[in-house]
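The values are calculated or read from the model by the stated rules, or taken from the named source; none is laboratory data. Note that the coordinates shown come from a computational prediction; the quantities given were computed from them, not determined experimentally. Virtual Cβ from ideal backbone geometry, glycine too; neighbours counted across all protein chains shown.
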Amino acid sequence: MTGAAPKKDRPVVIEVHDLVTHYGARMILKGVSMEVRDGEIMVIMGGSGSGKSTLLRHLMVLERATSGTMKVLGQDITQLGLRDMIDLRKKLGVAFQGGALFSSMTVGENIMLPLYEHTDLDPQTMRIMARMKLEVVNLAGFEDLMPSELSGGMIKRAAVARAIIMDPRILFMDEPSAGLDPAVSSALDDLILRLRDAMGMSICVVTHELESAFKIADRITILDRGDILFIGTPDEVRAHPSERIQNLLNRRAEDDTIDPEEYLRRLTGDEPLRNAAL
Amino acid sequence: MTGDAPDSRLIRSLDRTGRKAVAAVEEVGNAGILVVESLYWLILGPRIRQPVRLDAVINQMMEIGIFAIPIIAMMAATIGVMLAIQGIHTLRIFGAETKVTVGIALSVVREFAPLITGILVAGRSGSALAARIGSMKTNQEIDALHVMGINPVRFLVAPALIACLIMVPALTFFSHVSGLLAAGLYVNLELKISLAAYFDQVVDALSAGDLLHGLSKSLIFAVLIAVIGVVNGASVTGGAEGVGKATTRAVVQSISAIIVTDMLFVFAVTR
C-alpha cells in the first residue's frame, strides 16, 4: 500500500462543486463536491447505484450536469468551445471497463489512433510510440493482433496503452480489476502505481475492489446514493466511525429500496429515449 | 396489472403512446442533426485540424459500393429480364411488342434501378452501419472516441454518408446498364432485335431528364440509408439483443422510407 499523504500542496486538476445530475426524473448525483490533485490517485468507491460511474462519466466530460460547476485542468468545462474541448480531451486518457478497443483495428492501430487523429507524426514514429507504450504495459509484440485475440487482462492493458499514448495529464480508469484473477489484478494495480510515479499522472479510478482500492489510492472518495459520504486517505477511511462506511468496507448490504414502477419501466423500455445521439 | 382501474390503464396506455411519439420525433431530430453535423465536419473540419479522413471514406465506398456490385448486377439484370418478359407479354395483346424497348428503358432508368439499388444497399450497408455503431455503443467505443477528442460523427457518420452519396448513384447507374443490357439480351432472343438496334431505341426513348430523375432519387435514398442506419445504431440499448433489434429496425425503416419517398418523389415530379 502506498498510503501516501494527500498531496495538498499540489495544484488541483479536477474541481467539482455541487454537481447535481438527473436521468429523467431520477436524481443520480445530489450535489457532489470533490477535487483531484496533480499526481494523486483518487479512487472512487461505492455500492451499486451509488452514482460512481455517473460521477466518472462527468469527470471524463461525457455527461452534462443539471447544475453545479466542474473545472478540469483549470478550465470550466461548461464554457469551453469545440476547439478548446478537443484540446482538453487530448490531455485526458480513459481506460474503460471492457477496454473499448475498436474491434475492426489491430491492437497497434487502436493505440496509434489518437496520434493519427491529433498529430502530424509520420507512421513510423507513431509505430515506435505505440510500441513504447505497449512495453510500458508489458504487451510489446502484440501490436499486430486483433482485440478478439487478447485475454481480458491483456485487453485492459492495451486500453491503458491507448489511454496514455498522448501522455495525458489525467488518466481515468473504470473498474480496472473487474473480472480479472487476483494475480492479473495485482499486476494492473502495480501498473497504475508505476504510471503515477513514472509519468506523474493524476489518476481517477472507479472500483469496487477493496483490496485494489487500498493498495493504489492516495485518497478515496466514498459515494452512497448520489452523495459523498467521505473523502480521505485509505487509513482515514479504515478508521472512520461511520456505520455506512464500515458496512461498505465489510460488504454488508443495507436495505436497498427499489421502486417497482421505475424498475418495470426500465425493463419494458418505456424510459424516455436517453443518449440516443452519438 | 389485472387489478388496475380502466382509467389507470388508459392513462398508462396514453403515457406509453406519448413516450413513443416523443421518441419518434427525437429520432427524426437526431437524423437531421446528423446530416447537418456531417456537413459541418466535411466543410469546417479541416479548419480545426479535424478533417473527415479520405481513407475512411474510401473504406466505406469499398464496403457500400464495390463489394455490392455482384449482387446489384444480378438483381438489376433479373429485374430487366422480368420487365422484358412482362412487357412483351402485355404488348403482344395489342401486337405492339416491338415497342417494349420504350417501356423497359423508362421503367428501368426512372424507377426500378434506383429502387432495387436503394433496397439492396439498405439491406447490405444500412444494416451493417446500424450493427457497427450499435455494437460500438454497447462496447463503449463511442465514449472512447469522445474522450479521445475524436468526434464520432466526423469519424463514423460523415465517411459513411459521403460514401453513400457517391456510391448509391454510381451503383444506380451501374444498375441502369445491367438492367438494360439483360433486358436487351432477352429482347434480342425473343424478338430478334439486334442489341445495337435495341440500344438505339433505348437512347431515343430516354432523355437526360429521365436519367436525372433516377439519379436524383438515388441521392435521397443514400441519405436515408446512412442516416436511418446511424440513428438506429446510436439508439441501441441492452447489449447484443439490442444490436440485433436495431439492425432489423434499420432495414425495415430504410426500405419503408425508400419506397414511400420514391412514391412522393414520383408524385411531385412526374405529374
Is there any pair linking a residue in the range B:131-152 that is free of Cβ contacts under 8 Å to residues at least 60 places away in the same chain to one that is outside any helix (DSSP H, G or I) and of a type in the set (Val, Ile, Thr), with Cβ under 7 Å and at least six apart or on different chains, and which? B:ALA144/A:VAL94; B:VAL147/A:VAL94
Just wondering, is there one or more residues in the range A:172-180 that are surrounded by fewer than 18 Cβ atoms within 10 Å (Cβ to Cβ) and more than 14 Å from the chain's Cα centre (by Cα)? yes
So, in the range B:210-222, of the ones that are in contact with a helix residue (DSSP H, G or I) (Cβ under 8 Å, 6 or more places away or on another chain) and surrounded by fewer than 19 Cβ atoms within 10 Å (Cβ to Cβ), which residue ends up nearest to B:SER254 (Cα to Cα)? B:ILE220
Looking for something among the polar types (S, T, N, Q) and away from chain B (no Cβ under 13 Å) - is there at least one such residue anywhere in the range A:89-102? no
Those residues of the range B:192-204 that are buried (at least 17 other Cβ atoms within 10 Å of the Cβ) and not aromatic (Phe, Trp, Tyr) come to a total of 3
Could you count how many residues in the range B:210-247 are within 14 Å of chain A (Cβ to nearest Cβ) and either closer than 22 Å to B:MET61 by Cβ or not in a loop (DSSP other than H, G, I, E, B) (or both)? 16
Can you tell me how many residues in the range A:18-47 are free of Cβ contacts under 8 Å to residues at least 60 places away in the same chain and not charged (D, E, K, R)? 5
Please pick out the residue among B:SER135, B:SER127, B:SER207, B:SER178 that is within 14 Å of chain A (Cβ to nearest Cβ) and either surrounded by fewer than 20 Cβ atoms within 10 Å (Cβ to Cβ) or among the hydroxyl-bearing types (Ser, Thr, Tyr) (or both). B:SER135
Answer residue from the range A:221-278, given it is within 14 Å of chain B (Cβ to nearest Cβ) and within 25 Å of the chain's Cα centre (by Cα) and is modelled with the lowest pLDDT among those: A:ARG274
Is at least one residue of the range A:114-128 more than 19 Å from the chain's Cα centre (by Cα) and of a type in the set (Phe, Trp, Tyr)? yes
Checking A:GLY108 against (1) more than 14 Å from chain B (Cβ to nearest Cβ); (2) within 30 Å of A:LYS30 (Cβ to Cβ); (3) crowded, with 17+ Cβ neighbours inside 10 Å: exactly one of these is not met. Which one? (2)
Is there any pair with a first residue in the range B:210-232 that is closer than 14 Å to B:GLY134 by Cα and a second that is surrounded by fewer than 24 Cβ atoms within 10 Å (Cβ to Cβ) and of a type in the set (Asp, Glu) whose Cβ atoms are under 7 Å apart and which are 6 or more apart or on different chains, and what are they? B:VAL231/B:GLU27
Out of A:LEU59, A:LEU55, report the one residue that is within 29 Å of A:GLY200 (Cα to Cα), away from chain B (no Cβ under 14 Å) and buried (at least 17 other Cβ atoms within 10 Å of the Cβ). A:LEU55
Go through the range B:52-79 and give me each residue that's in contact with a Lys or Arg (Cβ under 8 Å, 6 or more places away or on another chain) and within 14 Å of chain A (Cβ to nearest Cβ). B:VAL52
Which numbered condition trips up A:GLY200, out of (1) at pLDDT below 85; (2) at positive phi? (1)
Scanning for something within 14 Å of another protein chain (Cβ to nearest Cβ) and either touching a Leu at 6+ places or on another chain (Cβ under 6 Å) or over 20 Å from B:VAL35 (Cβ atoms) (or both), does the range B:249-257 turn up at least one residue? no
Tell me which helices (runs of 4 or more DSSP H) are completely within the range A:168-246 and hold 3 or more residues being under 30 Å from A:TYR23 (Cβ atoms), or say none if there are none. A:210-216
Only one of B:ALA23, B:ALA84 is over 16 Å from B:ALA163 (Cα atoms), more than 11 Å from every other protein chain (Cβ to nearest Cβ) and not polar (S, T, N, Q). Can you tell me which? B:ALA84
Counting residues that are of a type in the set (S, T, N, Q), which helices (runs of 4 or more DSSP H) fully inside the range B:86-200 reach at least 3? B:127-138, B:158-191
Considering only the range A:55-66, I want to know if a residue exists there that is more than 23 Å from B:LYS137 (Cα to Cα) and hydrophobic (A, V, I, L, M, F, W, C). no
Looking only at residues in the range B:40-51 that are away from chain A (no Cβ under 11 Å) and exposed (fewer than 15 other Cβ atoms within 10 Å of the Cβ), which one is nearest to A:ASP120 (Cα to Cα)? B:PRO46
